[in-house]
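Structure first, then comments.
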Amino acid sequence: MHIGISTFVWVSPFSTASFDILHKAKDIGYDVIEIAVEDRDLIDWVALKKVSRELGLNVTVSGAFGMDRDISSERSEIRANGLSYIIDCLEIANDFESPVFGGPLYSAVGKTRLVSAEQKVQEREWCQENLYQAIRRAERLGVTLALEPLNRFETDMVNTVDQAIAIVDELDSPFLKILLDTFHSNIEEKNIPASIVKLGDRLVHIQANENDRGTPGTGHLDWLGIRDALRSIDYGGSLVIETFGAPSKELARAASIWRPLANSADELAAEGFAFLKKTFVDDE
Ligand code: LER
């Protein structure tokens, strides 16, 4: 199993000025760097590819779904912008040979409202129409879309594994699967290992985060249960730490991290890696 870390652990937005993160990740021992695409224009992609190749780091790509990137918005221009952002990220993922592009593809992070049943149906239809378009592009590029349920405080659309499975099964494509972030699952799932088993081969990416989004291994998640469940489904994706060392313009309010979660991002990265390696890789 490959172990990775998101650029969000150190900075937001990730830009050419922060390429030192890749060196830090490599020095610690990570196999994967997850590039969070907040503003693609801040990144020199050619130079990034050179650095990641030289270091031998695999790349995965994740999205930052701010309010103007919402494929289920009432406003058609925002839905179009959301779809075009997903397509841009799929192309980046293809260029970097990332097997997945992951995130809460269906809506904007932090969009939580009380809406009528009719409106919910309409928003879900918009979501499905746009995901259908995104899947067509994903199929051509050979990159899998990984849809991530978020906890109830961050979205009113897909909170649970069951809700994610319903959307993914309706669209029925090998290029639309599911990303599980254990921080969100800890709030919404009754039993994370059982949810992993239920996901089976729909599960293509894991964000391996502690219950407080601090260093993995320092909280109360059932990591051994998670490991056994992943083994039982022959999980072949990566385990990526995603927490926020610096507030993201798009996500800060939703993520609601108002205090440091470790002494430093470097410490969280090093200790989190040691824990995940010991737990998930060393006794494989
Ligand atoms: C996005 O991947 C995520 O996990 C959110 O919790 C950010 O607020």
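When the residues of the stretch 89-121 are narrowed to those that are among the small types (Gly, Ala, Ser) and under 19 Å from MET157 (Cα atoms), which ends up most open to solvent (accessible area, probe 1.4 Å)?
We begin by selecting, within the stretch 89-121, every residue among the small types (Gly, Ala, Ser); these are 93, 98, 102-103, 107-108, 110, 116-117.
In the following step, the residues that additionally are under 19 Å from MET157 (Cα atoms) were identified as 102-103, 107-108, 110, 116-117.
Details: GLY102: 3, GLY103: 2, SER107: 2, ALA108: 1, GLY110: 29, SER116: 52, ALA117: 69 Å².
Only one residue tops the list, namely ALA117.
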Tally, over the stretch 13-29, of residues that are open to solvent by 30 Å² or more (accessible area, probe 1.4 Å) and more than 24 Å from PHE280 (Cβ to Cβ): 4
Members of the stretch 129-154 that are in contact (Cβ under 8 Å) with a residue 60 or more places away in the chain and not hydrophobic (A, V, I, L, M, F, W, C): THR144, GLU154
Hits in the stretch 216-230 (condition: in contact (Cβ under 8 Å) with a residue 40 or more places away in the chain and charged (D, E, K, R)): ARG227
Residue that is nearest to ASN94 (Cα to Cα) [pool: residues in the stretch 155-172 that are in a loop (DSSP other than H, G, I, E, B) and open to solvent by 10 Å² or more (accessible area, probe 1.4 Å)]: ASP172
Residue that is nearest to LEU176 (Cα to Cα), among those in the stretch 102-121 that are assigned to a helix (DSSP H, G or I) and not aliphatic (A, V, I, L, M): LYS120
Evaluation of GLY102 against (1) without any contact (Cβ under 8 Å) to a residue 60 or more places away in the chain; (2) under 15 Å from the mean Cα position of the chain (by Cα) (one fails), failing number: (1)
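Criterion first (open to solvent by 30 Å² or more (accessible area, probe 1.4 Å) and touching a Phe, Trp or Tyr at 6+ places or on another chain (Cβ under 9 Å)) does ARG124 satisfy it? Lay out the reasoning, then the answer.
On the way: open to solvent by 30 Å² or more (accessible area, probe 1.4 Å): yes; touching a Phe, Trp or Tyr at 6+ places or on another chain (Cβ under 9 Å): yes.
Taking the combined requirement at face value, the residue satisfies it.
In this structure, does LEU261 turn out to be over 18 Å from ALA146 (Cα atoms), without any contact (Cβ under 8 Å) to a residue 40 or more places away in the chain and touching an Asp or Glu at 6+ places or on another chain (Cβ under 7 Å)? Lay out the reasoning, then the answer.
Numbers: over 18 Å from ALA146 (Cα atoms): yes; without any contact (Cβ under 8 Å) to a residue 40 or more places away in the chain: no; touching an Asp or Glu at 6+ places or on another chain (Cβ under 7 Å): yes.
No, not satisfied.
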Of all residues in the stretch 131-147 being open to solvent by 20 Å² or more (accessible area, probe 1.4 Å) and part of a helix (DSSP H, G or I), the one that is nearest to SER98 (Cα to Cα): LEU141
Odd one out for VAL32, checked against (1) free of Cβ contacts under 8 Å to residues at least 12 places away in the same chain; (2) open to solvent by less than 10 Å² (accessible area, probe 1.4 Å): (1)
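Can you confirm whether GLY82 is within 16 Å of the ligand (Cβ to nearest atom), outside any helix (DSSP H, G or I) and either of a type in the set (Phe, Trp, Tyr) or open to solvent by less than 10 Å² (accessible area, probe 1.4 Å) (or both)? Show your work before the answer.
Working: within 16 Å of the ligand (Cβ to nearest atom): yes; outside any helix (DSSP H, G or I): no; either of a type in the set (Phe, Trp, Tyr) or open to solvent by less than 10 Å² (accessible area, probe 1.4 Å) (or both): yes.
No; evaluated as a whole, the condition is false for this residue.
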Residues being part of a loop (DSSP other than H, G, I, E, B), more than 17 Å from the chain's Cα centre (by Cα) and within 18 Å of ALA194 (Cα to Cα) - total across the stretch 205-257: 5
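The values are calculated or read from the model by the stated rules, or taken from the named source; none is laboratory data. Note that this is a predicted model, so its numbers are computed, not measured. No Cβ is skipped: glycine too gets one built from the backbone with ideal geometry, and neighbour counts run over all protein chains shown. Accessible surface areas use protein heavy atoms only, side chains included; no ligands, DNA or RNA. Shrake-Rupley method; radii C 1.70, N 1.55, O 1.52, S 1.80 Å.
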